[in-house]
1. Using a Förster distance of 25 angstrom, determine the FRET efficiency expected from the C-beta separation of ASN47 and GLU98, and round it to 0.05.
2. Do the alpha carbons of any pairs in LYS64/LYS172; LYS64/LYS108; LYS55/LYS85; LYS110/LYS167; LYS55/LYS110; LYS108/LYS172 sit beyond 25 Å of each other, and which pairs?
Amino acid sequence: MIKIFIKNIVSLLKTFIIALIITLAIEKFLFSITVVSGESMLTTIHNNDRLIVDKLSYYFQKPKRGEIVVFSPPIKKRKDELFIKRVIATEGDYYFLEKDSVYVNGEKLKEDYIDNKNLLDRDYNFIEGIVPEGSIFVMGDNRNNSNDSRTFGYVPIENIIGRATTKLWPFKDVTTFSVKYPEYGDGFIEVVK
């Protein structure tokens, strides 16, 4: 009787350990659920929203304009935090910011997801440039309340954790983020509810 009990406990522990290893592998390499802290991506993403972050796709492809990425910022004193922003320009792109417009490679970006378009509400270090190889230029959708590449510069691709694909919570706002690629450029977000 005791041997059967011990055998069942060992079997249960093996099952638990295997499930734990599989869960940790999924969390590390495939996807995770992230809780948003802050309002830098309003009105697309709100404080306390829960997002699915795809960690796998950037092993096979580079980020594209318009994608929403989660990354470790290139700021020494904020390395413990994760930021979420929209990719505005990718390596080799020339970008230029005016008061209410973003230009990438000479084309004005169509940004229907932005409510407040005042890009230069204060002095920024990076309002024009060419994105270096292995980096991206990111900005929050809530441009007046976003600590982004305008301030801290380019984000190395190796700092990217993954791409936000779906808003899971609150349930009434479940949303999938997909990128459309118009003829004149790539990476404009279409929000599908």
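No value in this document is a laboratory result; all are computed from the given coordinates. Quick caveat, the model's predicted, so the values are computed rather than measured. Cβ: placed from backbone, ideal geometry, glycine included. Neighbour counts: every protein chain shown.
1. 0.30
2. In this structure, LYS64/LYS172; LYS55/LYS110; LYS108/LYS172 lie more than 25 Å apart at Cα.
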